[in-house]
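Engineer: One structure is given below, represented as structure tokens, and several questions about it will come after.
The values are calculated or read from the model by the stated rules, or taken from the named source; none is laboratory data. As the structure is a prediction and not an experimental result, all values here were calculated from the model. Methodologically, a virtual Cβ is constructed for each residue, glycine included, from the backbone with ideal geometry; neighbour enumeration extends over all protein chains shown.
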Amino acid sequence: MTEKKVVIIGAHGKIAQLATPRLVTAGFAVDGVIRNPDQADDIRATGANPVELSLEDASVDDLAQAFAGAEAVVFSAGAGGGNPARTDAVDHKGAVRAMDAAEQAGVNRFVMVSYSRALVDVDTLDPDSSFFPYAKAKHDADEHLRSTKLDYTILGPGKLTSEPATEKVVIADEAGRVPDLAAEAAVTSRDNVAVAIAHVLAAGAASRQTVNFYDGETPLSEAIK
């Protein structure tokens with residue numbers, strides 16, 4: 001039996017490095033796309049096959065070639081903030097090219113790592129805020145994904161923590177709200193995001209859904225269907 005291939009863009013990121021071993025355990029072969037060849041050994045250590053490709057420089061054709069034969073693409077890349085032009089280049093334009101490439105390569109499943117307030121922050125933040133370019137890039141990428149024919153799942157965690165996975169969550173509404181949840185409790189362990197990535201791919205869960213979630217009390221596999 002041939003392993004199903006998943007391509008992770010941004011494979012050296014903290015969430016991706018937590019998700020990769022979980023995907024391998026679930027029976028997937030993982031190609032980890034990285035920009036820096038010095039990161040290749042780190043990617044191999046997670047169980048993935050490193051693929052060197054710059055999201056900023058790669059064309060749709062380049063990406064489609066990297067996606068060939070894959071079952072799914074996971075977009076977990078990010079410019080890291082700080083530089084608005086690079087944020088737009090990676091988090092928005094790079095993401096859109098990845099979606100176009102997935103469609104071109106015949107890869108139907110696409111998992112986007114976003115954040116819980118991506119739908120609404122663009123309307124409520126001061127455009128001069130240092131966070132606004134990131135909010136707009138993520139919002140626009142998510143909206144483009146919803147407009148495609150891809151079988152997408154958009155995962156929207158809250159403020160990320162380094163706590164180990166509890167595999168228990170609470171689902172928020174489309175604006176990232178949970179009734180009676182204090183703002184400081186609207187956090188999500190990166191490891192729980194990794195669990196969610198592996199779950200939605202292995203179970204075929206949350207098809208064409210946006211799932212905003214924080215660490216909570218409901219088993220993740222029950223909360224995200």
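Engineer: Restricting to segment 5-28, count the residues that are hydrophobic (A, V, I, L, M, F, W, C), surrounded by fewer than 21 Cβ atoms within 10 Å (Cβ to Cβ) and closer than 12 Å to Val51 by Cβ.
Structural biologist: Going through segment 5-28 one residue at a time, the tally reaches 0.
Engineer: Name the residues in segment 171-183 that are surrounded by 18 or more Cβ atoms within 10 Å (Cβ to Cβ), aliphatic (A, V, I, L, M) and within 30 Å of Asp100 (Cβ to Cβ), would you?
Structural biologist: Correct list: Ala172 only.
Matching residues to (1) farther than 22 Å from Glu56 by Cα; (2) assigned to a loop (DSSP other than H, G, I, E, B); (3) not charged (D, E, K, R):
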{"residue": "Glu103", "(1), (2), (3)": "no, no, no"}
{"residue": "Tyr115", "(1), (2), (3)": "no, yes, yes"}
{"residue": "Ser129", "(1), (2), (3)": "yes, yes, yes"}
{"residue": "Tyr134", "(1), (2), (3)": "no, no, yes"}
{"residue": "His144", "(1), (2), (3)": "no, no, yes"}
{"residue": "Leu155", "(1), (2), (3)": "yes, no, yes"}
{"residue": "Thr166", "(1), (2), (3)": "yes, yes, yes"}
{"residue": "Pro179", "(1), (2), (3)": "yes, yes, yes"}
{"residue": "Ala194", "(1), (2), (3)": "yes, no, yes"}
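Engineer: So which residues in segment 152-170 are surrounded by 15 or more Cβ atoms within 10 Å (Cβ to Cβ) and either free of Cβ contacts under 8 Å to residues at least 24 places away in the same chain or under 24 Å from Val122 (Cα atoms) (or both), if there are any at all?
Structural biologist: Residues satisfying the conditions are Tyr152, Thr153, Ile154, Leu155, Gly156, Pro157, Gly158, Leu160, Val170.
Engineer: I would also like to ask the following. For Val74, are the conditions met, namely being within 17 Å of Val111 (Cα to Cα), among the hydrophobic types (A, V, I, L, M, F, W, C) and assigned to a strand (DSSP E or B)?
Structural biologist: Yes, satisfied.
Engineer: Follow-up question, since we're still on this one. Condition test on Val211, is it crowded, with 21+ Cβ neighbours inside 10 Å, in contact (Cβ under 8 Å) with a residue 12 or more places away in the chain and part of a helix (DSSP H, G or I)?
Structural biologist: No; evaluated as a whole, the condition is false for this residue.
Engineer: Another question, if that's okay. Scan Ala40, Ala45, Ala68 and give me the residue that is within 29 Å of Lys149 (Cβ to Cβ) and either touching a Lys or Arg at 6+ places or on another chain (Cβ under 7 Å) or small (Gly, Ala, Ser) (or both).
Structural biologist: Exactly one residue qualifies, and that residue is Ala68.
Engineer: Conditions first: (1) at pLDDT 95 or above; (2) of a type outside the set (Asp, Glu); (3) out of contact with any Ser or Thr (no Cβ under 7 Å at 6 or more places or on another chain); (4) surrounded by fewer than 21 Cβ atoms within 10 Å (Cβ to Cβ). Ala102 passes all but one, so which condition is the exception?
Structural biologist: (4)
Engineer: Do you know which residues across segment 1-28 are part of a loop (DSSP other than H, G, I, E, B) and either polar (S, T, N, Q) or without any contact (Cβ under 8 Å) to a residue 60 or more places away in the chain (or both)?
Structural biologist: Met1, Thr2, Glu3, His12
Engineer: Scan segment 29-48 and tell me whether some residue there is in a loop (DSSP other than H, G, I, E, B), in contact (Cβ under 8 Å) with a residue 60 or more places away in the chain, at negative phi and crowded, with 18+ Cβ neighbours inside 10 Å.
Structural biologist: Taking every residue of segment 29-48 in turn, none turns out to be in a loop (DSSP other than H, G, I, E, B), in contact (Cβ under 8 Å) with a residue 60 or more places away in the chain, at negative phi and crowded, with 18+ Cβ neighbours inside 10 Å.
Engineer: For segment 12-68, enumerate the residues that are within 15 Å of Ile197 (Cβ to Cβ) and touching a Pro at 6+ places or on another chain (Cβ under 7 Å).
Structural biologist: Gly32, Thr46, Gly47
Engineer: Another question about this same structure. Quick one: which residue in Val90, Val111 is within 18 Å of the chain's Cα centre (by Cα), under 14 Å from Phe67 (Cα atoms) and either modelled with pLDDT of 95 or more or outside any helix (DSSP H, G or I) (or both)?
Structural biologist: Val111
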